[in-house]
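Single-structure report; data block below.
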Amino acid sequence: MTGAGSRFDAARAVADAVLFEGYVLYPYRASAAKNRMRWQFGVLVPPQWGADSGEHSFQRTECLMEPRGGARLFAELRFLHARRRTVQRALDGGGFETVAALELADRVLTPWDEGVEERVEIAVPVADLGGAEYAFPFDRPACEETEEVYEGGRLAGRLLCTRAEVRGRIVLSAAELPGPYAVRRLTAVVENTADWRPPDGGADRAAALPRALVSAHLMLGLDAGSFLSPADPPQWAAGAAAACENVHTWPVLAGRDGRADVVLSSPIILEDHPAIAPESPGALYDSLEIDEILALRTSALTDQEKREARGTDARAAAVIDLADTMPPEVLERLHGAVRSLREATGQPAAPGGTGLLTAPDTPWWNPAADAAVDPDTDRVLVGGRSVGAGSRVALRPGLRRTDAQDLFLHGRSALVEAVLHDVDGGVHLAVTVEGDPGADIRREQGRFLYFQPDEVTVLEDA
């Protein structure tokens, strides 16, 4: 797999975040209630148990690719293999006994499910995938490990760690699509194939997790050719991309420097070419939280809480150490970041342009002093009709540039309150929804909803 290693490097940092998303939640100790129900993303359970529990036993990824002659497809499956840890205390007369916690000077050891990273790597010529499925079974055997724990040179106890057998397979196939373009639909299915189910027939998730593929995700790469974006394909491939069937996973482009030779298929919804924020000082593992909030909360934990977190997991201990040693300037950097401003060149703006003003003590744009715009009287053409303050429109929110709340307004009628121009030349309609009992209050406070002209249709001019 030497040909795939560097190819996947750009995606690996984001893939690591997917792998450990929600691994251990604040306050990072095993005794916290929220850490007793873990691993919600990409959990592929044994199929017989999954049928009874409603959880998934497979992921299916479909995407479009344009391989060149002689291209090879690289696939790398990554998942966590649960390692169940039991804590035992050393007895004075020899031997050990299982305990709920082992108190040490610097940490408190408790039972816990650790996550061991596993990888399954495949390389196959694209030509071999046509017309037949390529199945690659894999297994990770059961094992038991012990780790003695010493304090002050004295044997204090030991950790007994067990892993159950994990079995699965990856099935790859590719089908040529009709038409003038050399496009193939790639299908990659990841399955848990274990035949295990609880001996008593009960649906015990805790018993199933050691035999599950946890946080499972797939990276796909081509050494010659490219993939088409599943979320934003070229217009000629939009229909074929929409017909791709993705189940329990979400593929996005993730190649280096914006290239399209790598796809990351994740159980978490991402955008094309996702990246880790450069301000983030390290992994915090807490599901969908904010670095600044977590760093402040973690630094405020009591000494006893930090001892429990350090004994929970090595990754939790690293978070505690990170929060305790974070310099003030790094914490300040987490407070916010602006990524869309252009570099100030010192050149004055061209007539009608949006360049930055050169005087440092002068606001770079003052809408109240700009006679070229007036939100109350400006108008814009929508479908060939003039729309301005007082116009009635029907809302048609754009699927790719709005949030879920706006989608509930699809088809609702609204009153245009103002036409606004931004400094990049964009036009926005400020509206209030008709029938909203709080519309008058919103109007008085200047709090509106905003849509672009192509997200509305005209109902009636004022």
Q) If you go through the stretch 11-66, how many residues are open to solvent by less than 30 Å² (accessible area, probe 1.4 Å), assigned to a strand (DSSP E or B) and in contact with a Lys or Arg (Cβ under 9 Å, 6 or more places away or on another chain)? A) 4
(Q) Checking VAL171 against (1) more than 30 Å from GLU145 (Cα to Cα); (2) open to solvent by 50 Å² or more (accessible area, probe 1.4 Å); (3) at pLDDT 95 or above, only one condition comes out false. Which one? (A) (2)
Q) On the given criteria, is GLU455 surrounded by 11 or more Cβ atoms within 10 Å (Cβ to Cβ), more than 23 Å from ALA231 (Cβ to Cβ), modelled with pLDDT of 90 or more and acidic (Asp, Glu)? A) no
Q: Residues being in a strand (DSSP E or B) and either hydroxyl-bearing (Ser, Thr, Tyr) or more than 17 Å from ALA389 (Cα to Cα) (or both): count how many of those fall in the stretch 406-441.
A: 2
Q | Top-ranked residue in the stretch 178-188 [being open to solvent by 20 Å² or more (accessible area, probe 1.4 Å) and under 30 Å from the mean Cα position of the chain (by Cα); ranked as farthest from PHE138 (Cα to Cα)] | A | ARG184
Q: Only one of these is in contact with a strand residue (DSSP E or B) (Cβ under 8 Å, 6 or more places away or on another chain) and not acidic (Asp, Glu): ALA30, ALA17, ALA13, ALA51. Name it.
A: ALA30
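The values are calculated or read from the model by the stated rules, or taken from the named source; none is laboratory data. Because the structure is predicted, anything quoted here is derived from the model rather than measured. In this analysis, Cβ positions are derived from the backbone assuming ideal geometry, glycine residues included, and neighbour counts consider all displayed protein chains. Side chains included, ligands, DNA and RNA excluded: accessible areas come from the protein's heavy atoms. Shrake-Rupley method; radii C 1.70, N 1.55, O 1.52, S 1.80 Å.
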